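S.K.: Take this structure first; my questions come after.
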Amino acid sequence: MEIRHLKLIKAIVEEGSITKAIDKLNLTQSALSHQLKEAEYKLGTQIFLRQNKKLILTKAGQKLYVTANQILEKLFDTEQEIKQLIFGEYGTIRISTECYSSYHWLPSVLRQFNLLYPNVELQIVMEATHYPLQKLKENIIDIAITSDPIKDDNINYLELFQDEMLMIVSTNHSWADKKYVLAEDFINEHLLIHSLPLETVSVYQFLLSPAKVIPKKITPLPLTEASIEMVKADMGIMSMAKWAVQPYLKENSLKTIKIGKNGLKRKHFIALKNNKKHPAYFNHFIEFLQTEIHQQWNI
């Protein structure tokens with residue numbers, strides 16, 4: 001008798017029908033029937049009897065069902081104990097990023113990690129966005145993702161990825177045929193940003209502020225989709241990471257333009273507090289985050 005046979009018997013009994021057991025075990029009806037016959041052959045007797053289109057456990061089946069529950073429960077407990085030995089105890093990792101667009105990919109990474117480390121709760125701390133390093137120093141979060149590292153002996157930075165910021169305009173905009181834009185091009189423009197403070201907006205921080213240029217109008221608009229619709233209507237311009245804007249370019253109603261002759265590229269870092277001892281699962285998450293970003297998100 002094999003583990004798969006015990007799981008089969010348990011599923012049939014608890015689901016109440018062959019059809020539901022098939023769905024739970026992801027088996028075809030023929031595969032389920034074959035496994036059941038195989039189990040009965042190994043046992044040397046019937047496990048179920050058919051009564052009014054229902055499967056009823058025989059006395060041997062009842063005994064086997066009790067044993068199946070005991071064995072499978074013990075197996076599950078053992079697996080959990082081994083995972084705890086390998087991956088660490090139960091815990092929480094609090095994470096935030098200075099860039100709202102990062103939340104497009106971050107939840108997917110967290111879901112993948114949770115499948116491997118179900119005992120670790122991963123919390124996205126939204127209120128720390130735009131001030132992640134400050135919140136890291138205040139111990140409100142454990143990990144900050146930032147493209148604007150500050151020099152601080154208490155913070156350690158690990159490179160995560162590099163991306164490029166682009167300006168997004170409608171195909172009717174005067175910039176539509178430009179290869180790149182300079183700071184002075186923004187003087188008469190309506191710039192849409194995700195949120196204040198302005199100093200945290202990359203195009204302002206790295207292009208406009210050094211040139212002492214302020215656009216004619218600046219509007220904070222937290223909803224990316226709303227900003228995109230305004231840009232399509234030629235009611236403003238906005239900057240987005242190259243990887244983040246790709247899904248919006250399918251309708252051919254938007255154009256992307258480089259920022260500056262050489263482009264505006266940003267490096268993103270994982271920021272951690274120095275001299276702080278972390279459990280094993282925390283270090284596993286850092287490695288997992290770096291690997292997943294490089295392998296699955298080509299950004």
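S.K.: Compute the acute angle (0 to 90°) between the alpha-carbon long axis of helix 106-116 and the principal axis of greatest extent of the alpha-carbon atoms of the chain; round to the nearest 10°.
M.R.: Tilt relative to the chain: about 30 degrees.
S.K.: Shifting gears a bit: With no solvent and one equal point scatterer per Cα, compute the Debye intensity ratio I(q)/I(0) for the chain at 0.11, 0.14, 0.16 Å⁻¹ and report its log10, rounded to two decimals.
M.R.: -0.78, -1.00, -1.19
S.K.: With respect to the cross-link table entries Lys242/Lys277; Lys151/Lys217; Lys151/Lys267; Lys212/Lys267; Lys137/Lys212, which display a Cα-Cα separation exceeding 27 Å? Write down the numbers at each step before the final one.
M.R.: Numbers: Lys242/Lys277 36 Å; Lys151/Lys217 33 Å; Lys151/Lys267 15 Å; Lys212/Lys267 23 Å; Lys137/Lys212 31 Å.
Among Lys242/Lys277; Lys151/Lys217; Lys151/Lys267; Lys212/Lys267; Lys137/Lys212, the Cα-Cα distance tops 27 Å for Lys242/Lys277; Lys151/Lys217; Lys137/Lys212.
S.K.: Given a 1.4 Å probe, how much area per residue of segment 197-299 is accessible, in Å²?
M.R.: Numbers: 5680 Å² over 103 residues.
Here the per-residue accessible area is 55 Å².
S.K.: First measure r as the distance between the Cβ atoms of Ile140 and Asn114, then evaluate 1/(1 + (r/R0)^6) with R0 = 25 Å and state the FRET efficiency to the nearest 0.05. Walk me through the intermediate numbers first.
M.R.: Details: r = 22 Å, r/R0 = 0.86.
Approximately 0.70, to the nearest 0.05.
S.K.: Quick check on the chain: helices-only [θ] at 222 nm, where DSSP H runs of length 4 and up contribute -39,500 (n - 2.57) each and the sum goes over total residues. Nearest 500, please. It would help to have the intermediate numbers written out before the result.
M.R.: On the way: 9 runs with 112 residues, N = 299.
Rounded to the nearest 500, the figure is -11500 deg cm²/dmol.
S.K.: Below 8 Å between Cα atoms, with a sequence gap of 6+, how large is the relative contact order for the chain in percent? Walk me through the intermediate numbers first.
M.R.: Working: 430 pairs, mean separation 61.5, N = 299.
With pairs under 8 Å counted, the relative contact order is 21 percent.
S.K.: Now for a different question. Considering the chain as a Gaussian network with a 10 Å cut-off on Cα pairs, which listed residue, Gln162, Gln70, Gln112, attains the greatest mean-square fluctuation?
M.R.: Gln70
S.K.: When the chain is fully extended, how far beyond the present Cα-Cα distance does Ile286 get from Ala226, taking 0.36 nm per residue of separation?
M.R.: 18.3 nm
S.K.: Starting with the highest mean, order 116-126, 8-18 by the number of other Cβ atoms within 10 Å, averaged over the residues of each peptide. All intermediate terms of the calculation are to be shown ahead of the outcome.
M.R.: Values: 116-126: 15.4, 8-18: 18.3.
In decreasing order of mean packing, 116-126, 8-18 become 8-18, 116-126.
S.K.: Excluding Ile93 itself, calculate the net charge of residues whose Cβ lies under 11 Å from the Cβ of Ile93, where each Lys or Arg counts +1 and each Asp or Glu counts -1.
M.R.: Numbers: positive: Arg94; negative: Glu121, Asp142.
Spelling it out: positives minus negatives among the neighbours equals -1.
S.K.: Restricting to Cα pairs below 8 Å that are 6+ residues apart, what does the relative contact order work out to for segment 22-93? Please round to a whole percent. Spell out each step's value before the answer.
M.R.: Working: 26 pairs, mean separation 9.8, N = 72.
Once divided by the residue count of segment 22-93, the mean separation gives 14 percent.
S.K.: Could you look at the chain and say what percent of its accessible area is carbon and sulfur, using a 1.4 Å probe and all protein chains?
M.R.: 50 percent
S.K.: Hey, another quick one. So for each of 151-159, 286-294 I average, over its residues, the number of other beta carbons within 10 Å; can you give me the resulting order with the highest mean first?
M.R.: Working: 151-159: 12.4, 286-294: 15.3.
By packing density, highest mean first, the sequence is 286-294, 151-159.
S.K.: Please state the relative contact order of segment 1-48 as a whole percent: Cα pairs under 8 Å, 6+ residues apart? All intermediate terms of the calculation are to be shown ahead of the outcome.
M.R.: Numbers: 26 pairs, mean separation 18.3, N = 48.
It rounds to 38 percent for segment 1-48.
S.K.: For Lys54 and Ser30, FRET efficiency with R0 = 22 Å and r from the beta-carbon atoms, rounded to 0.05? Present the calculation step by step, with values, prior to reporting the outcome.
M.R.: Working: r = 20 Å, r/R0 = 0.92.
Calculated value: 0.60.
S.K.: Suppose the chain between Asn172 and Asn156 were pulled fully straight at 0.36 nm per residue; how much longer would it get relative to their current alpha carbon spacing?
M.R.: Numbers: separation 16, 0.36 × 16 = 5.76 nm, distance 4.52 nm.
Extra length available between Asn172 and Asn156 comes to 1.2 nm.
S.K.: So how far, in whole Å, is the C-alpha centre of segment 165-242 from the one of segment 1-60?
M.R.: Each part's Cα centre sits 63 Å from the other's.
S.K.: Using the Kirkwood radius built from alpha carbon pairs, what does the Stokes-Einstein equation give as D for segment 153-299 at 4 °C and 1.567 mPa s, in µm² per second? Don't skip to the end; give the middle numbers.
M.R.: Working: Rh = 17.0 Å.
Estimated diffusion coefficient is 76 µm²/s.
S.K.: While we're on this one: Relative to the longest principal Cα axis of the chain, at what angle does helix 280-296 sit, 0 to 90 degrees, rounded to 10?
M.R.: Rounded to the nearest ten degrees, it is 70.
S.K.: Would you calculate the separation in nanometres between label points at Ile187 and Glu14, each defined as 7 Å from the Cα along the Cα-to-beta-carbon direction?
M.R.: Placing both labels 7 Å beyond Cα along the Cβ direction yields 7.2 nm.
S.K.: Let me spell out the model: positive unit charges on the Cβ of Lys and Arg, negative unit charges on the Cβ of Asp and Glu, origin at the Cα centre of the chain. What dipole size does that give, in debye rounded to 20?
M.R.: 800 debye
The values are calculated or read from the model by the stated rules, or taken from the named source; none is laboratory data. Computed from a predicted model, the values in this text were never measured in an experiment. With ideal geometry, Cβ positions are generated from the backbone for all residues, glycine too; neighbour counts draw on all protein chains shown. Each accessible area value is taken on the protein alone, full model and side chains, heavy atoms only, with ligands, DNA and RNA left out. Shrake-Rupley method; radii C 1.70, N 1.55, O 1.52, S 1.80 Å.
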